[in-house]
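Asks: Pasting in a structure now, in structure tokens, and then I'll have a few things to ask.
The values are calculated or read from the model by the stated rules, or taken from the named source; none is laboratory data. As the structure is a computational prediction, the values presented were derived from the model and not from experiment. Here the Cβ is made from the backbone with ideal geometry for all residues, glycine too, and neighbour counts use every protein chain on show.
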Amino acid sequence: MAQGGAGPLPGSLFPAGFLVLCDPLRRHCGGKRMKKGLILLNAYASMKAVSGQAARLQQELAQRGVTTHILRNGQLPVEITAAGEIRAQTQADFVIYLDKDPYTSLMLEKAGLRLFNRHEAIQICDDKLATFIRLAGAGIPMPRTLPAPLCYYPGTPVDPAFLDRIADTLGYPLVVKECLGSLGAQVYRADDREGLEHIVGTVDNRRHLYQQYVAHSAGRDIRVIVIGGRAVAAMRRVSDTDFRSNIELGGRGEPIDLPAEVAALAEKAATLLELDYAGVDVLFGPDGYLLCEVNSNAFFEGIEAVTGHNVAGDYADHIVRCIGC
């Protein structure tokens with residue numbers, strides 16, 4: 001991997017004199033000392049939307065009297081000491097974690113920092129199949145879903161009988177999703193057996209799932225932002241050229257009067273996953289709404305532009321309530 005990453009960001013340098021964070025009182029909301037935070041980004045992400053998200057949150061928190069610094073993962077000294085203790089050298093009491101690195105998030109939590117979102121919630125949402133498994137049995141409607149068996153070795157042929165079962169169960173077209181993926185790029189539609197075999201060969205031994213294709217929702221869905229268990233903003237996402245409606249793939253956002261049923265579905269999913277902040281995607285099913293997926297680090301720039309709603313401000317308000325400033 002290339003060295004260096006994407007470079008420093010505005011506000012990313014801490015004052016001199018780092019503090020080893022080991023005070024257990026700082027682990028809980030409500031302490032008036034908790035007025036400094038980190039906004040931690042992926043070490044290598046270079047998308048403008050990522051740095052823009054961090055800057056907006058920093059701005060809104062500053063207006064509420066909370067100081068934050070923006071760092072990239074790798075700029076924050078964190079270690080397991082020779083004595084087997086975790087140390088995070090920072091004056092911060094909380095972290096807005098805009099990364100998906102599971103090791104750093106777990107270490108920061110064990111060092112006593114409050115993460116927004118929490119480590120476990122981020123990891124569950126980062127894995128699409130794990131998300132569906134966690135929410136199964138909770139009364140949340142979702143497309144029929146089948147897991148792909150774990151494959152250790154690249155290039156291993158898939159059992160044709162297994163693909164027969166997938167096709168017999170779901171019919172064509174059907175959707176193949178990589179469990180780890182963002183912005184719709186790892187979501188595929190198989191229209192027939194030839195297409196399915198091609199997609200499976202492309203996905204290879206990466207973890208993935210097979211899912212019912214919801215034709216009624218082709219090229220459209222609803223994105224709902226949920227903060228602190230409450231739906232605060234929503235937009236309809238539409239694509240004229242793709243069954244996926246992601247803005248990053250050419251879709252567009254449109255205003256929508258959020259149906260109460262969709263708000264309730266999104267709020268329930270985010271609450272069950274214990275998310276402070278979530279982007280919940282909902283499909284238009286032939287007989288009602290269906291959960292598509294839940295995103296722990298959903299971008300809010302687009303939905304703010306479409307709705308005029310200050311999503312960053314709502315998130316800042318939630319954080320302030322939690323840290324007790």
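Yes/no matrix, rows are residues, columns are (1) among the aliphatic types (A, V, I, L, M); (2) within 20 Å of PHE116 (Cα to Cα); (3) in contact (Cβ under 8 Å) with a residue 24 or more places away in the chain:
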position: VAL262; (1), (2), (3): yes, no, yes
position: GLU267; (1), (2), (3): no, yes, yes
position: LEU272; (1), (2), (3): yes, yes, yes
position: ALA278; (1), (2), (3): yes, yes, yes
position: PHE284; (1), (2), (3): no, no, yes
position: GLY288; (1), (2), (3): no, no, yes
position: ASP314; (1), (2), (3): no, yes, yes
position: CYS322; (1), (2), (3): no, yes, yes
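Asks: Tell me which residues, restricted to segment 254-272, are over 17 Å from the mean Cα position of the chain (by Cα) and β-branched (Val, Ile, Thr).
Replies: ILE256, VAL262
Asks: Which of the helices (runs of 4 or more DSSP H) contained wholly in segment 114-185 include at least 3 residues that are more than 22 Å from ASN297 (Cβ to Cβ) and not small (Gly, Ala, Ser)?
Replies: 160-170
Asks: Quick check on segment 182-218: of everything there that is on the phi > 0 side of the Ramachandran plot and surrounded by 15 or more Cβ atoms within 10 Å (Cβ to Cβ), which residue is nearest to the chain's Cα centre (by Cα)?
Replies: LEU183
Asks: Can you tell me which condition LYS100 does not meet? The list is (1) surrounded by 15 or more Cβ atoms within 10 Å (Cβ to Cβ); (2) in the same structural domain as GLY201 (by TED's automatic domain parsing); (3) part of a loop (DSSP other than H, G, I, E, B), and all the others hold.
Replies: It is condition (2) that LYS100 fails.
Asks: If you don't mind, there's one more thing I want to ask. Output yes when any residue across segment 154-171 is basic (Lys, Arg), outside the structural domain of LEU275 (by TED's automatic domain parsing) and within 17 Å of the chain's Cα centre (by Cα), and no when none is.
Replies: Looking through segment 154-171, none of the residues is basic (Lys, Arg), outside the structural domain of LEU275 (by TED's automatic domain parsing) and within 17 Å of the chain's Cα centre (by Cα).
Asks: Which condition number in (1) surrounded by 17 or more Cβ atoms within 10 Å (Cβ to Cβ); (2) over 19 Å from the mean Cα position of the chain (by Cα); (3) at pLDDT 90 or above is the one that PHE243 fails?
Replies: With respect to (1) surrounded by 17 or more Cβ atoms within 10 Å (Cβ to Cβ); (2) over 19 Å from the mean Cα position of the chain (by Cα); (3) at pLDDT 90 or above, PHE243 is out only on (3).
Asks: Scan segment 252-307 residue by residue and report those that are over 13 Å from MET235 (Cα atoms) and among the polar types (S, T, N, Q).
Replies: Within segment 252-307, THR271, ASN295, SER296, ASN297 qualify.
Asks: Would you tally the residues in segment 119-150 being surrounded by fewer than 18 Cβ atoms within 10 Å (Cβ to Cβ) and touching an Asp or Glu at 6+ places or on another chain (Cβ under 8 Å)?
Replies: 1
Asks: Which numbered condition in (1) modelled with pLDDT of 95 or more; (2) assigned to a helix (DSSP H, G or I) is the only one that GLY302 fails?
Replies: Condition (1) is where GLY302 drops out.
Asks: If you don't mind, there's one more thing I want to ask. Yes or no: segment 199-212 includes at least one residue that is among the hydroxyl-bearing types (Ser, Thr, Tyr) and either farther than 29 Å from ASP240 by Cα or modelled with pLDDT of 95 or more (or both).
Replies: Within segment 199-212, one or more residues are among the hydroxyl-bearing types (Ser, Thr, Tyr) and either farther than 29 Å from ASP240 by Cα or modelled with pLDDT of 95 or more (or both).
Asks: Mind counting the residues in segment 126-177 that are more than 19 Å from GLU293 (Cα to Cα), in contact with a Pro (Cβ under 9 Å, 6 or more places away or on another chain) and among the hydrophobic types (A, V, I, L, M, F, W, C)?
Replies: Of the residues in that region, 2 qualify.
Asks: Being in a loop (DSSP other than H, G, I, E, B) and either within 19 Å of SER296 (Cα to Cα) or more than 25 Å from the chain's Cα centre (by Cα) (or both): is that true of GLY74 here?
Replies: In short, no.
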